[in-house]
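Quick notes on the structure that follows.
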Amino acid sequence: MKNVVLALMGAILAAGTANAAVTYKVIANNDLGMHCACPTFEGFLLLPPFNTIRAQVIQYGGDKPIVVSSGVTVSYSFAEETDATLQADTYFSSWIANAPKLFPGFQPVVNGKVKGLTGKGIADLMSYDSQSMSYVAAGIPAYPVTTGTTKDIMTDPLGGPKRDPYLTANVTVKNTAGAVLATTSTVVPVAFGGCCSCHLTLASQNGYPATPAGSFAYLGKMHSQNSSGIDIAMIDPDGDGKGGPVRCSWCHWDPAMGESAAPGWPTGTKLLSGANFTLKKSAYSFSDVLHRFHSQSQKVLTQYDANIANNCYDCHPGNNVNCYRGAHKGKTAIWCSDCHGNLNQRVATNQLAKPWLQATLPTCYNPSPGINSAFTCHSANTYKTNVTWDPNLFGKYINARGHYTSVLLCQTCHGMPHGENPSTSAPDNVQNSTLQGAIRAVYPTGKDKSYALGVCDVCHYQKSTTWSVPPHEL
């Protein structure tokens, strides 16, 4: 009897699917909402060019949507840059020259194609990841570019022309026969941070040239004044007789580099003549030492910014980029520290000992552990039940899944973190506006097609076309 019932149910489902026009949709997003890059790599490396795109492919039609995990190929390409333009870029050329020294064995250009640390190019295929239930391209060497258009809004701290920090990735889904099933475009953000703006001036005020090389030399002197005694400008990892390039995570482990302990200095690393220190490894994360120093240094607090613990754009991309630009920014006065805590609070609650891990991140219904916010978060009853958290890096909103038996990434409906829909930056809203604007939808007062996906018929065939807050767990 049980088999008969199952067969009958299968027949009904098959009939329902057969009667529907089966099509496909793809929704893609950047993982972090903003990645950082540097304009030069001769001295030291904070972070390499490394961006990640994730896309969920949805089969539309039939009784219910299906999140597709096989039988298709998903690819991406950038609208604003090519292999040729990247290799001709003065700043990116610095990465090409120094990347093999910073990551021994890595080749940033292969057969004329620019490659990221994972082997991905700026036009490539995406692979299905079962943990996030999405197609992923990790480690793309995206880099801010000069387009000569109004998109060039990022101020160059070295005085060059403005650049576009909000690149466009065109994502395409094809079947095994090569026919296009769906396309979308998403923002891939990458920008220079604010470090140079302060450190170039700092070098000049202390008798060094206001150049990247001068900044590196003076930074080495400052670093030698801490308990390690190490002048990083006196370290010669590649044996060419000059200081640098130095990768900070050789000494201070960095989860962004996939590290849980410092790997140590490359074989053959030398010290320049006159160096009177010994190389060592630190037990502290790079995030910890960087943030702790700047928030506790009396010189920083008295001479540069007494409120640096709360002024995230001193270091993270300000430069007219304003990387925090999402719905929270547009609708409220919430600032970064209301969710994450300011630097003093983050140090006091030991967040920086485990940076970016699930245990130290805010959720939709609570700020980071130990942080009290003046703002009311979303209801835990709405957002907590049946939501699947990723135990790895960025395991809260960024890697969480909910709705429809926990298969949709939060980002699929809401957009990227720090740029959630509706974003104050128009390009972030294009994808959701396209998906919901294709439907003759009804929007409540104060809502429109740029908001988080809430029109059921975007994914559910012949369902409601009135925008509302959908259930976050089923």
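Values quoted throughout were computed directly from the atomic coordinates according to the rules given, and no laboratory measurement underlies them. Nothing here was measured: the structure is a model prediction, and the numbers come from that model. A quick note on method: Cβ atoms are made from the backbone with ideal geometry, for glycine too, and the neighbour counts reach across all protein chains shown.
Please state, as a whole number in µm²/s, the translational diffusion coefficient that the Stokes-Einstein equation yields for region 327-458 at 10 °C and 1.306 mPa s, with Rh defined as the Kirkwood radius across alpha carbon pairs.
This corresponds to a translational diffusion coefficient of 99 µm²/s.
Considering amide H positions built from the backbone, and no H for Pro or chain starts, which residues 5 or more places from TYR24, or on another chain, come under 5 Å of its amide H?
Answer set, sorted by chain and number: TYR60.
Here are some pairs, LYS64/LYS329; LYS115/LYS162; LYS174/LYS329; LYS221/LYS242; LYS120/LYS329; which of them have Cα atoms lying more than 27 Å apart in this structure?
LYS64/LYS329; LYS174/LYS329; LYS120/LYS329
Of the DSSP beta bridges with both residues in the chain, give the percent that are antiparallel, rounding to the nearest 5.
Around 90 percent antiparallel, to the nearest 5.
Region 267-337 to region 240-254: how many Å between their Cα centroids?
So the separation of the two Cα centres works out to 17 Å.
Provide the gained length on full extension for the span LYS299 to LYS281, in nm with one decimal, where the gain is 0.36 nm per separating residue minus the Cα-Cα distance.
3.9 nm
What dipole magnitude, in Debye to the nearest 20, does the chain give about its Cα centre under +1 on Lys/Arg Cβ and -1 on Asp/Glu Cβ?
For this selection, approximately 700 debye.
Could you calculate the contour length gain from THR349 to THR183, that is, 0.36 nm times the residue separation minus the distance between their Cα atoms, to one decimal place in nm?
Numbers: separation 166, 0.36 × 166 = 59.76 nm, distance 4.39 nm.
Extra length from THR349 to THR183 when fully extended: 55.4 nm.
Where the only charges are on Cβ atoms (+1 Lys, Arg; -1 Asp, Glu), what is the dipole of region 274-373 about its Cα centre, to the nearest 20 debye?
My answer is approximately 180 debye.
If packing is taken as the average number of other Cβ atoms within 10 Å across a peptide's residues, how do 47-53, 280-286, 266-272 rank, most packed first?
47-53, 280-286, 266-272
So how strong a dipole does region 21-192 carry about its Cα centre when Lys and Arg Cβ are +1 and Asp and Glu Cβ are -1, to the nearest 20 debye? Can you show the working numbers first?
Working: 11 positive and 12 negative charges, 59 e Å.
Computed about the Cα centre, the dipole is about 280 debye.
To the nearest 10 degrees, how steeply does helix 286-296 sit against the main Cα axis of the chain, on a 0 to 90 scale?
Orientation of helix 286-296: about 60 degrees from the principal axis.
With the Cα gyration tensor of the chain in hand, convert its eigenvalues to equivalent ellipsoid semi-axes via √(5λ) and list them largest first in whole Å.
With the √(5λ) rule applied to the chain, the semi-axes are 43, 25, 21 Å.
Please report how far the C-alpha centroid of region 187-202 lies from that of region 53-122, rounded to the nearest whole angstrom.
Spelled out, the Cα-based centre of one part sits 23 Å from the other.
Can you put TYR128, TYR324 in order of Cβ neighbours within 10 angstrom, beginning with the fewest? Spell out each step's value before the answer.
On the way: TYR128 16, TYR324 21.
Exposure proxy ranking, most exposed first: TYR128, TYR324.
Would you list, by chain and number, the lysines whose Cα falls below 25 Å from the Cα of LYS331, excluding same-chain residues fewer than 8 positions away?
Within the straight-line cut-off, LYS331 pairs with LYS151, LYS384, LYS396, LYS447, LYS449.
With label points built 7 Å along Cα→Cβ from the Cα atoms of SER373 and ASP240, find their separation and express it in nm.
Reported label-point gap for SER373 and ASP240 is 4.6 nm.
List the residues whose amide H sits under 5 Å from the amide H of VAL109, counting only those 5 or more places along or on another chain, with H placed 1.01 Å from N in the peptide plane.
LYS115
Could you tell me how many degrees, from 0 to 90 and to the nearest 10, lie between the Cα long axis of helix 2-19 and the main elongation axis, the longest principal axis, of the Cα atoms of the chain?
Tilt relative to the chain: about 80 degrees.
May I ask for the distance between the Cα centers of region 148-181 and region 404-460, given as a whole number of Å?
Answer, in whole Å: 21.
Scale the Cα Rg of region 113-261 by the rule-of-thumb value 2.2 N^0.38 Å and send over the ratio, two decimals.
1.39
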